[in-house]
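Worksheet: one structure, shown below.
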Amino acid sequence: MNTIESIIIAIVEGITEYLPISSTGHMIIAEHLLKVEPTNFTKLFTIAIQLGAIFSVVVLYWKKFVEFKNWQFYAKLAVAVVPALALGKLFSDKIDELLESPLTVAITMLLGGFVLLVIDNVFKNNTIDKEENISFGKALMIGLWQCVAMIPGVSRSAASIIGGMQQKLTRSLAAEFSFFLAMPTMAAATGYSLFLKHWNENGVEQKGYELIMNSKENLHAFLIGNVVAFVVAMLAIKFFIGFLQKHGFRLFGWYRIIVGIVLLVLLWTGYLK
């Protein structure tokens, strides 16, 4: 992966990470369209590029994250992230296999689009509009919903927001809690991929950070990609909250349906393999 490819994929990550359209799905498609060689590093990059997006939430909501007296806020996030940690550990290898499948992305993009078309009407009388009113039970349920996004093409943002709305959170609060929950979830996934997971590189077991340090090209791609993802994700979050409050999810639903159909056509014609 060269610098230009890493910048393009990072822009895709920054735009899509917090929108309900699947960042992983878009990055998989971007890599295929750019004809990026599917190596262990490109798989790692797809996960580790989330670091930049994580820090964008910290910067935008820094007052919330330094409010240490509100210990329940951190406890709720800890409870909500447990399902993803457990299932992510159990199905890590299977998830890696799915990361190579544009067909999986096409199908889940299409199906997810139909869900977003109706979601505003299904949950239109929600009343919980403050974080302190989210119980630990509700936080756990949102965390369980988030696990659906382990399937590439299923948006983590959409899954956790829908989970929040199913637990009676308003659209804007569900979106904000989804942003907060992204912090420990993505940090855990990235940390596992960088420091705990063993990657088989030409018959040699290596940690993720060793893959990054294997070459200057890998290191540059990783660093530049995360910086770009950080900047773009900040802009995307600001746009999304305002848009969601005014217009809801329908536009994102139609977008997913169109992209899903286009991907199926590209796969059918052999342009994507």
Among (1) hydrophobic (A, V, I, L, M, F, W, C); (2) closer than 25 Å to G242 by Cβ; (3) without any contact (Cβ under 8 Å) to a residue 40 or more places away in the chain - the single one A86 does not satisfy: (2)
Residue that is outside any helix (DSSP H, G or I) and in contact (Cβ under 8 Å) with a residue 24 or more places away in the chain, where the choices are L211, L194, L272, L173: L272
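Could you please find all residues in the range 1-28 being among the hydrophobic types (A, V, I, L, M, F, W, C) and farther than 25 Å from K216 by Cα?
Initial filter on the range 1-28 (among the hydrophobic types (A, V, I, L, M, F, W, C)): 1, 4, 7-12, 15, 19, 21, 27-28.
Hits for the range 1-28 are I15, L19, I21.
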Criterion violated by L211 - all others in (1) within 30 Å of V118 (Cα to Cα); (2) of a type outside the set (V, I, T); (3) in contact with an Asp or Glu (Cβ under 8 Å, 6 or more places away or on another chain); (4) crowded, with 16+ Cβ neighbours inside 10 Å satisfied: (1)
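Does the range 1-34 hold any residues that are of a type outside the set (G, A, S), within 15 Å of the chain's Cα centre (by Cα) and in a helix (DSSP H, G or I), and which are they?
I9, I11, V12, E13, I15, T16, T24, H26, M27, I28, I29
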Residue that is nearest to I15 (Cα to Cα) [pool: residues in the range 35-77 that are among the charged types (D, E, K, R) and within 20 Å of the chain's Cα centre (by Cα)]: K43
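So which residues in the range 149-168 are closer than 13 Å to M109 by Cα, assigned to a helix (DSSP H, G or I) and of a type in the set (A, V, I, L, M, F, W, C)? Give the steps one after another, and end with the answer.
Step one: of the range 149-168, the residues closer than 13 Å to M109 by Cα are 149, 151-156, 158-159.
Okay, now just the ones that are also assigned to a helix (DSSP H, G or I), so 149, 156, 158-159.
Those that are closer than 13 Å to M109 by Cα, assigned to a helix (DSSP H, G or I) and of a type in the set (A, V, I, L, M, F, W, C): A149, A158, A159.
I'd like to know if the range 113-127 contains one or more residues that are small (G, A, S), within 30 Å of T269 (Cβ to Cβ) and touching a residue at least 40 places away in the same chain (Cβ under 8 Å). Please lay out each step first, then the result.
If we filter the range 113-127 for residues that are small (G, A, S), which is where we start, we get 113.
Filter once more, so that each one left must be within 30 Å of T269 (Cβ to Cβ): 113.
Filter once more, keeping what is touching a residue at least 40 places away in the same chain (Cβ under 8 Å): 113.
Scanning the range 113-127, I find at least one residue that is small (G, A, S), within 30 Å of T269 (Cβ to Cβ) and touching a residue at least 40 places away in the same chain (Cβ under 8 Å), so the answer is yes.
Just so you know, all these numbers are worked out from the coordinates, no wet-lab data involved. It should be emphasised that the depicted structure is a prediction, and the values quoted were computed from it without experimental measurement. Positions of Cβ are generated from backbone atoms using ideal geometry, with glycine treated the same way; all protein chains shown enter the neighbour counts.
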